[in-house]
């Protein structure tokens, strides 16, 4: 979180997210994560035993265009390693973390923060993450708690949408031309 942010600013942001329209929550959560952690991109995924799908990403236009809607085999992702405990939630320099240093994505992104989006029954629906092209040594427990709070708000909205994250993130997908 931005070190200059006060506790009241943090509380205001959380209140704003909780009051947001269903379809705005994901976008606002992603923007808040990117801004407050000062990262290059933030994204939300769904994940199963074989694949991770990036449903929405906030960042520069090129990154968003390249990654929104992308499906990756879980063995190529930071998120599955975070969920399985092979890496911590915060990786200040991905090139220095043996479990992920050899992944292709590590050539582009050098810091990672990820948390599970966990439903009320305990199932992991996906992940909420941020990445940076530069290492980020200043990330700590405050940033992790902030991301966990955002993920909890998103999880509640996913449940209200009956698990339909695609509906909550449809504004991120490019419009299809009429047939």
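The values are calculated or read from the model by the stated rules, or taken from the named source; none is laboratory data. Since this is a predicted model, take the numbers as computed values, not measurements. Here the Cβ is made from the backbone with ideal geometry for all residues, glycine too, and neighbour counts use every protein chain on show.
Results for (1) surrounded by 15 or more Cβ atoms within 10 Å (Cβ to Cβ); (2) outside any helix (DSSP H, G or I), shown as yes or no for each residue.
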position: 29; (1), (2): yes, no
position: 45; (1), (2): yes, yes
position: 49; (1), (2): no, yes
position: 52; (1), (2): yes, yes
position: 57; (1), (2): yes, yes
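Is at least one residue of segment 77-93 free of Cβ contacts under 8 Å to residues at least 12 places away in the same chain and over 16 Å from residue 113 (Cα atoms)?
No, every residue in segment 77-93 fails to be free of Cβ contacts under 8 Å to residues at least 12 places away in the same chain and over 16 Å from residue 113 (Cα atoms).
Within the set of pairs 6 or more residues apart or between chains, which connect a residue that is over 24 Å from residue 74 (Cβ atoms) inside segment 31-49 to a residue that is outside any helix (DSSP H, G or I) and at pLDDT below 95 with Cβ atoms less than 6 Å apart?
Listed pairs, sorted by first residue: 31/58; 36/1; 36/2.
Can you say whether residue 115 is within 22 Å of residue 84 (Cα to Cα), at pLDDT 95 or above and within 16 Å of the chain's Cα centre (by Cα), as far as the supplied structure shows?
Judged against the criteria, residue 115 is a match.
Here are the criteria: (1) modelled with pLDDT of 95 or more; (2) surrounded by 15 or more Cβ atoms within 10 Å (Cβ to Cβ); (3) within 19 Å of residue 48 (Cα to Cα). Tell me which single one residue 86 does not satisfy.
(2)
Each row is one residue, and each column tells you yes or no for (1) surrounded by 14 or more Cβ atoms within 10 Å (Cβ to Cβ); (2) on the phi < 0 side of the Ramachandran plot; (3) not in a helix (DSSP H, G or I).
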| residue | (1), (2), (3) |
| --- | --- |
| 64 | yes, yes, no |
| 72 | yes, yes, yes |
| 80 | yes, yes, no |
| 98 | no, yes, yes |
| 117 | yes, yes, yes |
| 120 | no, yes, yes |
| 125 | yes, yes, yes |
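Looking at 45, 70, which is the one that is over 13 Å from the mean Cα position of the chain (by Cα) and more than 22 Å from residue 140 (Cα to Cα)?
Just a single option satisfies the conditions, and that option is 70.
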